[in-house]
Amino acid sequence: MENRTGLFSNGVIWFGVAVSVSEIEAGIQLASSSPIDSIWIPLILGHIIGGILLFFTGLVGARLRVNAMETIKSTFGDYGSKFFSSLNVMQLIAWVAVLNAQGAAAMMGLNLPISFTLTCIILSAIIAIWVYVGLYRLSKVTTVMMVVLTILLAILSFKLLGGDISNALPIASFASTNSAPLSFWNIFEISIAMPISWLPVISDYTKDVENPVNGTLVSAVAYTIASLWMYILGMQIVGIGTTSIAQSILMAGLGAQGVIILVLSTVTSNFVAANSAGESAKAIVNRINPRIAGVVVSILSCVLAISGIMDHYIGFLYLIASVFAPMAAVLMVSFYLSNEETTDAKTWYWNIFAWFAGFMVYQLTVNMDSIFLGPTLLAIIISAVLAYIPILKKRFEGNSVHI
């Protein structure tokens, strides 16, 4: 009998995914670049739309009972699936490296008697062991970790409430005086970037839920709520006059507790990414053991983290969105709006074209300041509309035959 996960387990997993240093850093970026009153609406809107996309993408895997990259075989064909799987493995290696480097850099700010390199190695070792042992074998440990982390973050957030974030802006003193405030759609783009980055991952976990709809809904909602909290926590940090997570922890009087926060928030997100990299590797070559592949990913990402991938972090997030947002759009149109499974090579080629069009739209608009809807939504809309054309054509031809 296959292992199935309940609502609580999925909520814990995806709450933990959002609780990361990268999400807090995104909140810091927003609050140090724009007036606080201009942030709330695009921040919440970006998370809501991102959460909706997470739900519908994850529901595909939950209903088909296959991992994220296997869900796209009927949409893009076997070679298309391998293409996106390969991209997903590469981006997850880099994503784990970014999270690892961010966590290690934050810990360095706590003045611990340990080097950045050794910190990266320790964090990667914890993740590798977790991936190899497996999520289900450590489910109780994971739950305890998340409870502890949530309590400590709640304490930190409460202690930071004394800082008035409304007075930290319009432009904080540590931001460049030559920088203009971020526009509505710029803020929206930074907000939606995080949930978008998990679109090619979520089905790796929703495929095992007992109840596809409820399990996926809990996963998406848990992530969205936790992600919003992390962004707001980053804004609170700016409110006390710093952009350093470590400094805010010290100012809040959390020494050892701060170390626990940074370690757990790093490994919980990184575990999911490394584990999913193993699942994607299996989608490329079925003989690959996902757990072994996940361990290899942890090692490779450690090397990247030490090499300085943090310097390319924001551009990296945008690159993820440009690839996987239009891919998810084509997948959802194919799965929810088509009445039959796609086995026609011409349709696969058209879907790849629809994805590529969205990808190019993103690349052409990402550097345009304050473009309406933002590059991510534009790419999603373009790819979705193009993917729907052959479906609409078949329906029209079918109605003509009946007439």
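Below, the figures for the structure above:
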{"item": "Exposed GluC sites (Glu not before Pro) absent - longest run of the chain, DSSP non-H/G/I/E/B, at most 14 other C-beta within 10 Å", "result": "3-209"}
{"item": "Mean residue ellipticity (222 nm) of the chain, computed from DSSP H runs ≥ 4 via -39,500 (n - 2.57), nearest 500", "result": "-25500 deg cm²/dmol"}
{"item": "Gyration tensor (Cα) of region 198-288, equivalent ellipsoid semi-axes in angstrom", "result": "33, 17, 11"}
{"item": "List VAL213, VAL259, ordered by accessible area with a 1.4 Å probe, largest first", "result": "VAL213, VAL259"}
{"item": "Residue-normalised accessible area of the chain, given per residue in Å² at a 1.4 Å probe", "result": "42 Å²"}
{"item": "Peptide ranges 380-390, 359-369, 77-87, 92-102 listed from the most packed, as the mean C-beta count within 10 angstrom indicates", "result": "92-102, 380-390, 77-87, 359-369"}
{"item": "Surface share of carbon and sulfur [accessible, 1.4 angstrom probe, percent] for region 1-77", "result": "64 percent"}
{"item": "Cα gyration tensor category, rounded, prolate or oblate, for region 2-133 with a/c compared to 1.5", "result": "oblate"}
{"item": "For semi-axes √(5λ) of the Cα gyration tensor in Å, calculated from these coordinates, the label among (1) 35, 25, 18; (2) 38, 27, 20; (3) 44, 26, 19", "result": "(1)"}
{"item": "Length added when fully stretched, ASN211-ILE129, from 0.36 nm per residue minus Cα-Cα", "result": "26.6 nm"}
{"item": "Mean Kyte hydropathy of -0.5 or more with a Cα span along the axis of at least 27 Å, helices from DSSP in the chain", "result": "40-64, 73-108, 139-160, 212-239, 256-284, 313-337, 345-365, 374-402"}
{"item": "Size of charge dipole - the chain - debye, nearest 20, with Cβ of Lys, Arg +1 and Asp, Glu -1, no other charges", "result": "740 debye"}
{"item": "Pairwise centroid distance, computed over Cα atoms, of region 32-101 with region 202-250, Å", "result": "14 Å"}
{"item": "Sequence-distant residues sharing a close amide H with VAL209 (under 5 Å, placed H)", "result": "THR5"}
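The values are calculated or read from the model by the stated rules, or taken from the named source; none is laboratory data. Because the structure is a prediction, the values reported are computed rather than measured. As a convention, Cβ positions derive from the backbone with ideal geometry for all residues, glycine included, and neighbour counts pool all protein chains shown. SASA here: full protein model, heavy atoms, side chains in, ligands and nucleic acids out. Shrake-Rupley method; radii C 1.70, N 1.55, O 1.52, S 1.80 Å.
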